[in-house]
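The block underneath contains the structure these notes are about, expressed in C-alpha coordinates.
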Amino acid sequence: ATERTLSIIKPDATRRNLTGAVVKKFEDAGLRVVASKRIHLSKAQAGEFYKVHAERPFYDELTTFMASEPVVVQVLEGEGAIQKNRDVMGATNPADAAPGTIRAEFAESVGENSVHGSDSPEAAKEEIAFFFSGLELVG
Ligand code: CMP
(Lines give C-alpha, C1' and ligand atoms only; values in the text may rest on other atoms or scores of the structure.)
Protein backbone atom coordinates (compact mmCIF):
# COMPACT_ATOMS: atom_id res chain seq x y z
CA ALA A 1 0.00 0.00 0.00
CA THR A 2 1.04 3.62 -0.45
CA GLU A 3 2.36 4.95 2.84
CA ARG A 4 3.92 8.09 4.24
CA THR A 5 6.83 8.24 6.65
CA LEU A 6 8.69 10.99 8.49
CA SER A 7 12.36 11.48 7.62
CA ILE A 8 14.87 13.78 9.31
CA ILE A 9 18.21 14.70 7.78
CA LYS A 10 20.27 15.23 10.93
CA PRO A 11 22.76 18.01 11.80
CA ASP A 12 25.85 15.97 10.87
CA ALA A 13 24.49 15.64 7.32
CA THR A 14 23.14 19.19 6.83
CA ARG A 15 26.48 20.54 8.14
CA ARG A 16 28.40 18.60 5.47
CA ASN A 17 26.06 19.70 2.62
CA LEU A 18 24.69 16.18 2.22
CA THR A 19 21.00 17.15 2.05
CA GLY A 20 20.82 16.64 -1.71
CA ALA A 21 22.80 13.40 -1.63
CA VAL A 22 20.47 11.97 1.03
CA VAL A 23 17.33 13.03 -0.84
CA LYS A 24 18.71 11.47 -4.05
CA LYS A 25 19.02 8.10 -2.30
CA PHE A 26 15.36 8.26 -1.28
CA GLU A 27 14.15 9.45 -4.69
CA ASP A 28 16.19 6.81 -6.50
CA ALA A 29 14.44 4.18 -4.34
CA GLY A 30 11.04 5.42 -5.53
CA LEU A 31 10.14 7.60 -2.56
CA ARG A 32 8.58 11.01 -3.27
CA VAL A 33 9.22 14.08 -1.09
CA VAL A 34 5.70 15.39 -0.41
CA ALA A 35 6.68 17.86 2.33
CA SER A 36 10.03 19.40 3.28
CA LYS A 37 11.39 22.11 5.54
CA ARG A 38 14.69 23.13 7.12
CA ILE A 39 14.34 23.99 10.79
CA HIS A 40 16.54 24.46 13.86
CA LEU A 41 15.00 22.50 16.74
CA SER A 42 15.24 23.78 20.28
CA LYS A 43 16.50 21.29 22.85
CA ALA A 44 12.96 21.14 24.28
CA GLN A 45 11.48 20.35 20.86
CA ALA A 46 14.11 17.64 20.25
CA GLY A 47 13.32 16.23 23.68
CA GLU A 48 9.61 16.13 22.92
CA PHE A 49 10.16 14.45 19.54
CA TYR A 50 12.38 11.75 21.08
CA LYS A 51 10.38 11.36 24.32
CA VAL A 52 10.10 7.57 23.82
CA HIS A 53 13.87 7.50 24.46
CA ALA A 54 13.70 9.69 27.59
CA GLU A 55 14.97 6.93 29.88
CA ARG A 56 17.85 5.89 27.62
CA PRO A 57 21.41 6.77 28.64
CA PHE A 58 21.99 8.55 25.31
CA TYR A 59 18.86 10.81 25.54
CA ASP A 60 20.73 13.95 26.57
CA GLU A 61 23.44 13.43 23.95
CA LEU A 62 20.80 12.70 21.30
CA THR A 63 18.65 15.76 22.01
CA THR A 64 21.67 18.08 22.37
CA PHE A 65 22.94 16.88 18.99
CA MET A 66 19.56 17.23 17.27
CA ALA A 67 19.31 20.83 18.52
CA SER A 68 22.92 21.70 17.64
CA GLU A 69 22.41 22.76 14.02
CA PRO A 70 19.60 22.78 11.43
CA VAL A 71 17.81 19.64 10.30
CA VAL A 72 15.65 18.98 7.25
CA VAL A 73 12.35 17.29 8.07
CA GLN A 74 10.48 15.62 5.23
CA VAL A 75 7.51 13.42 4.53
CA LEU A 76 8.30 10.64 2.07
CA GLU A 77 5.52 8.85 0.21
CA GLY A 78 5.53 5.60 -1.73
CA GLU A 79 4.72 1.92 -1.84
CA GLY A 80 5.76 0.47 1.54
CA ALA A 81 7.43 3.79 2.36
CA ILE A 82 8.16 3.02 6.02
CA GLN A 83 10.22 -0.11 5.33
CA LYS A 84 11.69 1.28 2.10
CA ASN A 85 12.95 4.35 3.97
CA ARG A 86 14.54 2.10 6.61
CA ASP A 87 16.17 -0.08 3.96
CA VAL A 88 17.72 2.97 2.27
CA MET A 89 18.93 4.39 5.62
CA GLY A 90 20.66 1.16 6.69
CA ALA A 91 21.29 -0.01 10.26
CA THR A 92 21.29 2.57 13.08
CA ASN A 93 24.99 1.97 13.74
CA PRO A 94 26.91 2.81 10.55
CA ALA A 95 29.39 0.03 11.38
CA ASP A 96 26.53 -2.44 10.80
CA ALA A 97 24.95 -0.68 7.80
CA ALA A 98 24.89 -2.46 4.43
CA PRO A 99 27.02 -1.05 1.60
CA GLY A 100 25.25 1.61 -0.44
CA THR A 101 22.94 2.68 2.38
CA ILE A 102 22.90 6.28 3.60
CA ARG A 103 24.39 5.42 6.97
CA ALA A 104 27.13 3.25 5.44
CA GLU A 105 28.14 6.07 3.10
CA PHE A 106 27.59 9.17 5.23
CA ALA A 107 27.08 8.49 8.93
CA GLU A 108 29.81 9.34 11.42
CA SER A 109 28.73 7.30 14.47
CA VAL A 110 25.68 5.65 16.06
CA GLY A 111 24.66 9.02 17.46
CA GLU A 112 25.58 11.19 14.47
CA ASN A 113 24.01 8.85 11.94
CA SER A 114 22.77 11.33 9.34
CA VAL A 115 19.09 10.33 9.18
CA HIS A 116 16.04 9.37 11.21
CA GLY A 117 13.01 7.50 9.88
CA SER A 118 9.74 6.42 11.49
CA ASP A 119 9.78 2.79 12.60
CA SER A 120 6.07 1.90 12.36
CA PRO A 121 2.79 3.18 10.89
CA GLU A 122 1.77 4.51 14.32
CA ALA A 123 5.08 6.35 14.74
CA ALA A 124 4.86 7.75 11.20
CA LYS A 125 1.42 9.21 11.87
CA GLU A 126 2.53 10.79 15.14
CA GLU A 127 5.87 12.05 13.81
CA ILE A 128 4.35 13.58 10.64
CA ALA A 129 1.77 15.40 12.77
CA PHE A 130 4.55 16.64 15.06
CA PHE A 131 6.11 18.66 12.21
CA PHE A 132 3.47 19.18 9.51
CA SER A 133 -0.15 20.24 9.08
CA GLY A 134 -2.28 18.48 6.48
CA LEU A 135 -2.07 21.56 4.23
CA GLU A 136 1.72 21.14 4.00
CA LEU A 137 1.52 17.61 2.55
CA VAL A 138 1.45 17.89 -1.22
CA GLY A 139 1.36 14.52 -2.94
P1 CMP B 1 17.07 7.48 15.40
O2 CMP B 1 16.49 6.60 14.35
O3 CMP B 1 17.01 8.94 15.16
O4 CMP B 1 16.33 7.17 16.79
C5 CMP B 1 16.97 7.30 18.04
C6 CMP B 1 18.40 7.65 17.90
O7 CMP B 1 19.18 7.46 19.05
C8 CMP B 1 19.06 6.77 16.87
O9 CMP B 1 18.59 7.10 15.59
C10 CMP B 1 20.53 7.03 17.13
O11 CMP B 1 21.04 8.09 16.38
C12 CMP B 1 20.51 7.41 18.60
N13 CMP B 1 21.25 6.43 19.36
C14 CMP B 1 21.00 5.12 19.44
N15 CMP B 1 21.93 4.53 20.22
C16 CMP B 1 22.78 5.50 20.62
C17 CMP B 1 23.93 5.53 21.41
N18 CMP B 1 24.42 4.42 21.98
N19 CMP B 1 24.55 6.72 21.60
C20 CMP B 1 24.04 7.84 21.03
N21 CMP B 1 22.95 7.87 20.27
C22 CMP B 1 22.33 6.71 20.06
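Structure notes:
- Backbone phi angles across region 58-64, fed through the Karplus curve with coefficients 6.51, -1.76 and 1.60 (θ = phi - 60°), yield HN-Hα couplings of 8, 4, 5, 4, 4, 6, 5 Hz in residue order; Gly and Pro are listed as x.
- Computed with a 1.4 Å probe over protein heavy atoms only, the accessible area of Asp28 comes to about 110 Å².
- Using the Stokes-Einstein relation with a Kirkwood hydrodynamic radius computed over Cα pairs, the translational diffusion coefficient of the chain at 10 °C and a viscosity of 1.306 mPa s comes to 107 µm²/s.
- In the context of the full set of protein chains, the chain has a per residue accessible area of 51 Å² (1.4 Å probe).
- Portion, in percent, of the accessible area of region 88-133 that falls on carbon or sulfur, probe 1.4 Å: 53 percent
- Sorted peptide list for 76-85, 59-68, criterion being average Cβ within 10 angstrom, highest first: 76-85, 59-68
The values are calculated or read from the model by the stated rules, or taken from the named source; none is laboratory data. What you are looking at is a predicted structure, and each value in this text was computed from that prediction instead of being measured. Cβ sites come from the backbone with ideal geometry, for glycine too, and all protein chains shown count toward neighbours. For accessibility, only protein heavy atoms count, side chains too; no ligands or nucleic acids. Shrake-Rupley method; radii C 1.70, N 1.55, O 1.52, S 1.80 Å.
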